[in-house]
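*Asks:* Please see the structure below; I have some questions.
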Amino acid sequence: MNQDQPNNDEKKQEGQSQDSLMEKIKQLGSTNVPQAPDSNIHVLPIIGQVEGHLQLPAKNKTTKYEHLIPQIIAIEQNPKIEGVIILLNTVGGDVEAGLAISEMISSLSKPSVSLVLGGGHSIGVPIAVSANHSFITETATMTIHPIRLTGLVVGVPQTFEYLDKMQDRVINFVTHHSDIEEDKFKDLMFAKGNLTRDIGTNVVGQDAVDYGLIDSIGGVKEAMVKLNELIGKTDDDQVIE
């Protein structure tokens, strides 16, 4: 019996390792997953649609704001984390949830850098500009369009006033956290003929930088170099104080 016990344990371990291997292949298409070393930089991905007060269907790829907000608080409290890089590939989503995330990122005491990969559309625009420095890849796009409501809407003047005020909140945040002028941002937001069956503008890579919406063209390397530079400046300031 004692001799059989080790053999059974070995078989169990082999079975567990095979199950783990199959799970990696199923989820990631690879048998080996590279492990990041302990780092002073936290990566905050904002992928898919920003989910707010309403839960989206299971088929939608979403970033839930109730998951991000505690993460941002933990980043602020954790002394080991010295900087944050925000990776965006989002179609937008809930306006108030997006603004809440943007305000929290902009109010962090630690340096932050954002990188728009693929797309940073709609409410992804305020999130992208909320960091201390923003990057966009040459092929990435950002769609700027007016706020809209879905579902049942009460057709009274107060509804349109509410929409107008919400839109002003987005415009004010973006213009205060980037170099784009308010009039130019509104021109892009209400432009006709650029989007099919809609008003607004699809801004690609270098155009976003030329408008002053995003700070620089770059990818992962440039974003990491800039963040380490900002962390170095922060450390120097603390030494001086």
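*Asks:* Restricting region 121-130 to residues that are without any contact (Cβ under 8 Å) to a residue 60 or more places away in the chain and touching a helix residue (DSSP H, G or I) at 6+ places or on another chain (Cβ under 7 Å), which is farthest from Ser216 (Cα to Cα)?
*Replies:* It comes out as Pro126.
Here's the yes/no breakdown for (1) among the charged types (D, E, K, R); (2) farther than 19 Å from Asp215 by Cα; (3) touching a residue at least 40 places away in the same chain (Cβ under 8 Å):
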position: Ile69; (1), (2), (3): no, yes, no
position: Ile72; (1), (2), (3): no, yes, no
position: Pro79; (1), (2), (3): no, yes, no
position: Ile101; (1), (2), (3): no, yes, yes
position: Gly118; (1), (2), (3): no, no, no
position: Asn132; (1), (2), (3): no, no, yes
position: Thr139; (1), (2), (3): no, no, yes
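*Asks:* Shifting gears a bit: Hey, does region 188-196 have a residue that's in a strand (DSSP E or B), within 24 Å of Gly118 (Cβ to Cβ) and at pLDDT below 90?
*Replies:* yes
*Asks:* Can you tell me which residues in region 43-59 are more than 24 Å from Gly219 (Cβ to Cβ) and either open to solvent by less than 50 Å² (accessible area, probe 1.4 Å) or in a strand (DSSP E or B) (or both)?
*Replies:* Answer for region 43-59, where residues must be more than 24 Å from Gly219 (Cβ to Cβ) and either open to solvent by less than 50 Å² (accessible area, probe 1.4 Å) or in a strand (DSSP E or B) (or both): Glu51, Gly52, Leu56.
*Asks:* Could you give every pair whose Cβ atoms fall below 7 Å, whose first residue belongs to region 154-168 and is over 17 Å from Ala97 (Cα atoms) and free of Cβ contacts under 8 Å to residues at least 60 places away in the same chain, and whose second residue is surrounded by 10 or more Cβ atoms within 10 Å (Cβ to Cβ) and not charged (D, E, K, R), counting only separations of at least 6 or pairs across chains?
*Replies:* Thr159/Val153
*Asks:* Quick one: is Phe185 of a type outside the set (Val, Ile, Thr), surrounded by 13 or more Cβ atoms within 10 Å (Cβ to Cβ) and assigned to a helix (DSSP H, G or I)?
*Replies:* yes
*Asks:* I'd like to check something: does region 215-222 contain any residue that is modelled with pLDDT under 90, assigned to a strand (DSSP E or B) and aliphatic (A, V, I, L, M)?
*Replies:* No; the residues of region 215-222 include none that is modelled with pLDDT under 90, assigned to a strand (DSSP E or B) and aliphatic (A, V, I, L, M).
*Asks:* Name the residue that is most open to solvent (accessible area, probe 1.4 Å), counting only residues in region 188-216 that are more than 22 Å from the chain's Cα centre (by Cα) and free of Cβ contacts under 8 Å to residues at least 40 places away in the same chain.
*Replies:* In this case the residue turns out to be Arg197.
*Asks:* Sort out which residues of region 162-178 are polar (S, T, N, Q) and surrounded by 14 or more Cβ atoms within 10 Å (Cβ to Cβ), and write them in order of number.
*Replies:* The answer is Gln167, Thr175, Ser178.
The values are calculated or read from the model by the stated rules, or taken from the named source; none is laboratory data. Fair warning: this is a prediction, and the values are worked out from it, not measured in the lab. Note: ideal-geometry Cβ built from the backbone for every residue, glycine included; neighbour counts use all protein chains shown. SASA here: full protein model, heavy atoms, side chains in, ligands and nucleic acids out. Shrake-Rupley method; radii C 1.70, N 1.55, O 1.52, S 1.80 Å.
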